[in-house]
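Trainee: Once you've had a glance at the structure underneath, I'll fire off some questions.
The values are calculated or read from the model by the stated rules, or taken from the named source; none is laboratory data. All of these numbers come straight from a predicted model, not from anything done at the bench. A quick note on method: Cβ atoms are made from the backbone with ideal geometry, for glycine too, and the neighbour counts reach across all protein chains shown. In case anyone asks, the SASA skips ligands and DNA or RNA and just uses the protein heavy atoms, side chains included. Shrake-Rupley method; radii C 1.70, N 1.55, O 1.52, S 1.80 Å.
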Amino acid sequence: SPPYKPENIIINCPKDSKSRWSSVSGGPNEFIIIKMKYTTLIKRLLFGKHLRIPHCNLKEFRIFIGMDPSALELICSSTLQNETEYEIVDLKYENVIPIAANFLKIEPIQTWGGSNFVYSIWFLEVIGCLDPSLIQETEKLIKKKKFESNIKLCLKFLRDENLNLTFNELIKESGINL
């Protein structure tokens, strides 16, 4: 909500009460999407705080990331303390493999002041890796894991349906077993 625009969170001004993003309301369906300047393996987020402790401070939230803003994946849910010190949130990936992302979405769930307050984020720093070769290697690894997972689902289905000939052929062809 004006003057609390999304771009305010890229500058760290803990003394300035206008240096923040605030939602329009404190209700559901409020979020902020950040477009990365470069594809990034996001590892953690640093949240800055205001000099004083306002009721609109973000308490509970969810983090989504991905390459396309319409297909973001939930990475973690987290909480922040209601204090003036910076906080770092480590992103917890399901397969321990960071996901390359062009977009980061923060979906507020609760403020420290309760449902009567808008959500505010004062400062955000994205900490990660920009190395293109590491990003490419990680994307290959994720693709391989998805392939293996899909083959295992097929194998389970074939086994459950007693389609043994096809089951054995898929094991032989893919080199993947249950």
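Trainee: Give the cross-link partners of K172 among the lysines, using a straight C-alpha distance below 22 Å as the criterion and excluding same-chain residues fewer than 8 apart.
Mentor: Cross-link targets: K143, K144, K145, K146, K152, K156.
Trainee: Solvent-accessible area of E125, probe 1.4 Å, all protein chains present, reported in Å² to the nearest ten, please.
Mentor: 80
Trainee: Can you run phi through the Karplus equation (6.51, -1.76, 1.60; θ = phi - 60°) for the range 63-70 and list ³J(HN,Hα) in whole Hz, with x for Gly and Pro?
Mentor: 10, 10, 9, x, 8, 10, x, 8
Trainee: Viscosity 1.306 mPa s, temperature 10 °C: Stokes-Einstein D of the range 1-73 from its Kirkwood Cα radius, in µm² per second?
Mentor: 113
Trainee: Using 7 Å Cα-to-Cβ label points, what is the R159/S17 separation (nm, one decimal)?
Mentor: With each label placed 7 Å out from Cα toward Cβ, I get 6.3 nm.
Trainee: Looking only at D90, D131, D160, which one moves most when the chain is put into a Gaussian network model with springs between Cα atoms under 10 Å?
Mentor: Between D90, D131, D160, it is D160 that shows the largest mean-square fluctuation.
Trainee: Once you charge only the Cβ atoms, +1 for Lys and Arg and -1 for Asp and Glu, what is the size of the charge dipole of the range 68-109 about its Cα centre, to the nearest 20 debye?
Mentor: 120
Trainee: Counting only protein heavy atoms, what percent of the accessible surface of the chain is carbon or sulfur at a 1.4 Å probe?
Mentor: 53
Trainee: So with the 1.4 Å probe, I'd like the accessible area per residue for the chain, rounded to whole Å².
Mentor: Using a 1.4 Å probe on heavy atoms only, each residue of the chain averages 62 Å².
Trainee: A further question follows. With a 1.4 Å probe and all protein chains kept in place, how much accessible area does E87 have, in Å² rounded to the nearest 10?
Mentor: Accessible surface of E87 is approximately 30 Å².
Trainee: Considering the dipole of the chain built from charges on the beta carbon (Lys and Arg +1, Asp and Glu -1) around the Cα centre, which of I33, P98, A71 is farthest to its positive end?
Mentor: I33
Trainee: Hey, another quick one. Taking only Cα atoms, what is the 0 to 90° angle, nearest 10, from helix 132-160's long axis to the longest principal axis of the chain?
Mentor: 50
Trainee: Which whole-Hz ³J(HN,Hα) couplings does the range 40-45 yield from phi under the Karplus relation 6.51 cos²θ - 1.76 cosθ + 1.60, θ = phi - 60°, glycine and proline marked x?
Mentor: So the Karplus estimates, Gly and Pro as x, are 9, 8, 7, 9, 7, 10 Hz.
Trainee: Write down Rg/Rh for the chain, rounded to two decimals, with Rg from the C-alpha atoms and Rh from the Kirkwood relation over Cα pairs.
Mentor: Answer for the chain: 1.14.
Trainee: Students often get this wrong, so check it: of K59/K105; K49/K92; K35/K140; K15/K43, which have C-alpha atoms separated by over 20 Å?
Mentor: K49/K92; K35/K140; K15/K43
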